[in-house]
1. When residue 214 is evaluated against the numbered criteria (1) surrounded by 24 or more Cβ atoms within 10 Å (Cβ to Cβ); (2) modelled with pLDDT under 95, which criterion, by number, is the only one it fails?
2. Pick out the one residue from 311, 282, 203 that is within 28 Å of residue 82 (Cα to Cα) and among the polar types (S, T, N, Q).
3. Consider residue 33 carefully, then state whether it is modelled with pLDDT under 95, in a loop (DSSP other than H, G, I, E, B) and under 25 Å from residue 120 (Cα atoms).
4. Go through the range 90-112 and count every residue that is closer than 21 Å to residue 163 by Cα and open to solvent by less than 50 Å² (accessible area, probe 1.4 Å).
5. Specify the residue that is most open to solvent (accessible area, probe 1.4 Å); the eligible residues are those in the range 61-82 that are hydrophobic (A, V, I, L, M, F, W, C) and assigned to a strand (DSSP E or B).
6. Residue check: is residue 270 closer than 21 Å to residue 362 by Cβ and in contact with a helix residue (DSSP H, G or I) (Cβ under 6 Å, 6 or more places away or on another chain)?
7. Among the residues that make up the range 304-313, is at least one of them touching a strand residue (DSSP E or B) at 6+ places or on another chain (Cβ under 9 Å), open to solvent by 10 Å² or more (accessible area, probe 1.4 Å) and among the aliphatic types (A, V, I, L, M)?
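The values are calculated or read from the model by the stated rules, or taken from the named source; none is laboratory data. None of these values were measured; they are calculated from a predicted model. Positions of Cβ are backbone-derived with ideal geometry, glycine not excepted, and every protein chain shown enters the neighbour counts. For the accessible areas, the whole protein counts, side chains as well, though only heavy atoms, and no ligand, DNA or RNA atoms are used. Shrake-Rupley method; radii C 1.70, N 1.55, O 1.52, S 1.80 Å.
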Amino acid sequence: MSLTRWLVGIVSLGLVGTLAFGQVVTTAGPAEAVTAVADDQPSTLGRTLLGGADPSVIKVGDLYVSAKSVDGGIAVRSASTLEGIATAPKQQVWRDTGGLGEVWAPEIVHHDGNYRIYFAAGTGAAHRMYHISSASPGTGYSAATKVALPGDKWAIDGAPFTFGGQRWFVWSGWSGDTNVEQNLYIARMSSPTTTTGGRYVVSQPREPWERVVGNPYINEAPQPIVDPNGQLHIVYSANGSWSSQYCIADLRLRAGGDPTYVWDWYKSNGCLFGSHASSMMSGWHPTLNVDGPGHHTFVLPRGDVAAGPPSGNRFPTMFHAVAKGTPYSWSNRYWYTGTAVWWGSTTYRRANVPGATTNIGYSLKFFE
C-alpha cells in the first residue's frame, strides 16, 4: 500500500466510544533472518508464499484462485493446493491502461456464475473502488467499472458479501475528503457495481490498542465471515501497515442486530492476531515467527462468508507479514498461509455507548 494512504491532511472527527481492553504478556520465540525480496518472488521460508501484500484467495471446485496487484494491474493464479499458488503461472487479467493510478488490494469472489475482482485504484485522495468480472478465473475479464459508493469518498479494501438475504459491501474509507482516519463502512448493494441507500460507519480506530501507530489511525482490510451461530463478523486490520504493530481484530454483530447500526457491533478488546503482547486481547498470544500480520483472507468456497466450517475445525487463511529478525518494511512482506478456528463463549466489553456493555459469542484464534 502506498504512503499516500496516510500522508494526507488532518481534520478532526467526533469520538465514537471507548472500550475496555485487556493485555497478556508472553515472550516471542527465536527470531529468524531472511533477505528482502522483490514483489512476486516465491519463498521457501516456513509457510510463506509470494513476496508482497494483501492476499485474496478463494476456492472454486478443486481450484484455489488468488488475485494480486502486480505489474501495473491485477494477476490471477490458480492451483490445486493453497501452497501451489506460489509457483502457479501468473495470468495478468487487467492492466491500468486508463491511468487510474496505484492499484491496491484486489479482492476476488465467485458470485452469480462469475469471478469478480474488486480493487482500489487512484492517486492520493482519488482512490476509489472498481470492479472487473469474467466467467473464467484467468482470462476474459471486463473493463474496469467504478463501484458507486454513497458519498463518493476515498475508498479502499472493499469486499462484497451476502448476509440476511441482502447483498452488502464493506470497505475502508475517509469520513470527508482528507485523511484524518480510516473507518470501516457498510452499504447495501443493488448490483455488482451499485449500492443503494447510505453508507454507515461500523468501526473507527478509537481504542488505545489500535492507536499505537498512526496519524492517521486506521481500520482497514475488512473481511466478513459468518460464525457457527449465524452471527456476522467483520475481521479487520488495525494500526499502521508500515509498522510491526499492524494486527488483526474483530467486530461481531449482536444476534439479530442491524449491520447498519454501529452500536449493534461489538469490538474485540485487543488484537486477535498480532506480534506485540501489549496490544493483544487477554488470553490471546503474540506471533512467534512473523511481525505485523494483517490484511488477511479467509479461504472460503467461492468467497461465500456463510461457508465457514463449524466450531472446532480449523480453516485456512492467508495474511501478509514480515519474518521476525527482518526489518519491518513494505518491501519485506510476504503472503503467509495459516489457519483459524472459531473460539466460543468469548466476551467483548465496551463502555460509555448505547446498548449492553458486554456481548458473548464466537471469536477467532489464528495460527501461523
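1. In the conditions (1) surrounded by 24 or more Cβ atoms within 10 Å (Cβ to Cβ); (2) modelled with pLDDT under 95, residue 214 misses (1) alone.
2. On the way: 282 fails: within 28 Å of residue 82 (Cα to Cα); 203 fails: within 28 Å of residue 82 (Cα to Cα).
Going through 311, 282, 203 in turn, the sole match is 311.
3. Numbers: modelled with pLDDT under 95: yes; in a loop (DSSP other than H, G, I, E, B): yes; under 25 Å from residue 120 (Cα atoms): no.
It is false that residue 33 is modelled with pLDDT under 95, in a loop (DSSP other than H, G, I, E, B) and under 25 Å from residue 120 (Cα atoms).
4. 4
5. The selected residue is 63.
6. yes
7. There is at least one residue in the range 304-313 that is touching a strand residue (DSSP E or B) at 6+ places or on another chain (Cβ under 9 Å), open to solvent by 10 Å² or more (accessible area, probe 1.4 Å) and among the aliphatic types (A, V, I, L, M).
Each row is one residue, and each column tells you yes or no for (1) out of contact with any helix residue (DSSP H, G or I) (no Cβ under 6 Å at 6 or more places or on another chain); (2) closer than 21 Å to residue 54 by Cα; (3) of a type outside the set (S, T, N, Q).
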| residue | (1), (2), (3) |
| --- | --- |
| 164 | yes, no, yes |
| 170 | yes, yes, yes |
| 190 | yes, no, no |
| 216 | yes, yes, yes |
| 219 | yes, yes, no |
| 256 | yes, no, yes |
